[in-house]
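Below is one structure, written out as structure tokens, with a few remarks after it.
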Amino acid sequence: MSTAITFSAYGGPEVLTPSQVVTPEPDAGQVRIRVRAAAVNPIDVRIRAGIMQGAFPVTFPHVPGWDVAGVVDKVGEGASFAVGDEVFGVASTGGYGEYALLQLPFAKPKELSFEAVAGMITVGEAAYRALEHLDVGAGQTLLVHGAGGSVGAIAVQLAVARGVTVVGTVAEQDIERVNGMGASAVRYGEGWAERVRAAARDGVDCVFDASGAGVLAESVALAGDAGKVITIADPSFAEHGVRFTGMDPKDRFPQALPQLADLIATGTLDVSVWRTYPLAEAAQAHAAIEARRNQGKVVLLP
């Protein structure tokens, strides 16, 4: 047995409790890691609250969390790593625990902390995926909603590195930081579309919505085509003819994760960790994200 965070009913952060669970055993091709860091993502919060039951149903008691980094302590037959290797990836079992299984582990760059690499996984893949699906490239203009958030900030940096002109909608406190990434940051809220038009005088080619803030209708109008708009956060996507990405595993780009980790290791990509919490304080970590107190990633340390 080992310790993990579980919840047995949908609800607020208080439903998250430390529990004793059966320590998972790796199947063929899998590795088991002693988790050193587990990222907390907004999707974890939505799943716990029951908002995502249609897309991500769970069986109670449920161990939440996907993004983990740690040290291999047991391997299944044919696994590609050995005991003692430092790896990261998406947990096949819940990530908020002392141990997790990885079906597709990647080697952790020695230059990176466990916290930094765990904090990159879901948000980095989501940002990379959106840019790939939009097929946005040098010379084009991309609008990123939620450019100050963890996914949006990575999308901004990756797009700027591709030679894309980026306009990002952000909270007032994020304007300076997002401008520093090479984007033109504009304040979100009433009148945002006019501010975007003023910042992108040649128009907007593509839109990536990482905010879910009810901006799809005006985004389609800005881009001139619903096919040039993609969201990872707005459940009303269908009524606007916009593509939602993230629910279908075949839609994702896990192969991009080693590349993203290398970009962080070389200083080309910044993924900031706002705060770490002990595993037992997972409820406090969820509360911080729900209150939008964090400016950067929140990570649990088992």
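Please treat every number below as a calculation from the coordinates, not as lab data. Everything numeric in this text was worked out from a predicted model, so none of it was measured. Reconstructed Cβ throughout: ideal geometry from the backbone, glycine too, with neighbour counts over all protein chains shown.
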Here the FRET efficiency for residue 225 versus residue 266, based on Cβ atoms and R0 = 35 Å and rounded to 0.05, is 0.45
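With all pairs of different alpha carbon atoms counted, what Kirkwood hydrodynamic radius in Å does the stretch 123-249 show?
Details: mean 1/r = 0.0721 Å⁻¹.
With all distinct Cα pairs of the stretch 123-249 included, I get 13.9 Å.
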To the nearest 0.05, the calculated FRET efficiency linking residue 53 and residue 255 through their beta-carbon distance, R0 being 25 Å, is 0.25
For the chain, longest principal axis from Cα atoms; helix 150-161 axis from its Cα atoms; angle between them, nearest 10 degrees, is 60 degrees
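Considering only DSSP beta bridges with both partners in the chain, what is the antiparallel share in %, to the nearest 5? Could you put the intermediate results ahead of the total?
Details: 29 of 52 bridges.
The answer is about 55 percent antiparallel.
Give, in nm to one decimal, the length gained when the segment between residue 190 and residue 82 is fully stretched (0.36 nm per residue of separation minus the Cα-Cα distance). Each step should come with its number before you reach the end.
Values: separation 108, 0.36 × 108 = 38.88 nm, distance 5.38 nm.
Taking 0.36 nm per residue and subtracting the Cα distance, the gain is 33.5 nm.
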Tilt, helix 114-134 to longest principal axis of the chain (alpha-carbon atoms), in degrees rounded to tens, equals 40 degrees
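What is the sum of charges, Lys and Arg at +1 and Asp and Glu at -1, for the other residues whose Cβ falls under 13 Å from the Cβ of residue 178?
-2
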In whole angstrom, the spacing between the Cα centers of the stretch 151-195 and the stretch 36-77 equals 29 Å
Note, residue 70: beta-carbon cut-off 14 Å, +1 each Lys/Arg, -1 each Asp/Glu, net -1
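Which three numbers, in whole Å and largest first, are the semi-axes of the equivalent ellipsoid of the chain derived from its Cα gyration tensor as √(5λ)? Walk me through the intermediate numbers first.
Values: eigenvalues 224, 85, 59 Å².
Its equivalent ellipsoid spans semi-axes of 33, 21, 17 Å.
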Among the stretch 229-256, those whose backbone N falls under 20 Å of a label point 7 Å along Cα→Cβ from residue 217 are 229-244
Over the chain, the sum of -39500 (n - 2.57) across DSSP H runs of at least four, divided by residue number and rounded to 500 deg cm²/dmol, gives at 222 nm -8000 deg cm²/dmol
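How much FRET efficiency would the formula 1/(1 + (r/R0)^6) give for residue 17 and residue 111, where r is the Cβ-Cβ distance and R0 is 30 Å, rounded to 0.05? Present the calculation step by step, with values, prior to reporting the outcome.
Values: r = 36 Å, r/R0 = 1.19.
Using R0 = 30 Å, I get an efficiency of 0.25.
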Any lysines whose Cα falls less than 18 Å from that of residue 228, other than same-chain ones fewer than 8 residues away, would be none
Computed ³J(HN,Hα) along the stretch 251-264: with the Karplus parameters 6.51/-1.76/1.60, θ = phi - 60°, integer Hz and x for glycine or proline, the list is 7, 9, 10, x, 5, 7, 4, x, 4, 5, 4, 5, 5, 5
Distance in Å, no decimals, from the C-alpha centre of the stretch 280-302 to the one of the stretch 90-144 is 18 Å
P(r) of the stretch 55-173 over all Cα-Cα pairs, 10 Å bins starting at 0, rounded to whole percent, reads 12, 33, 29, 20, 5, 0
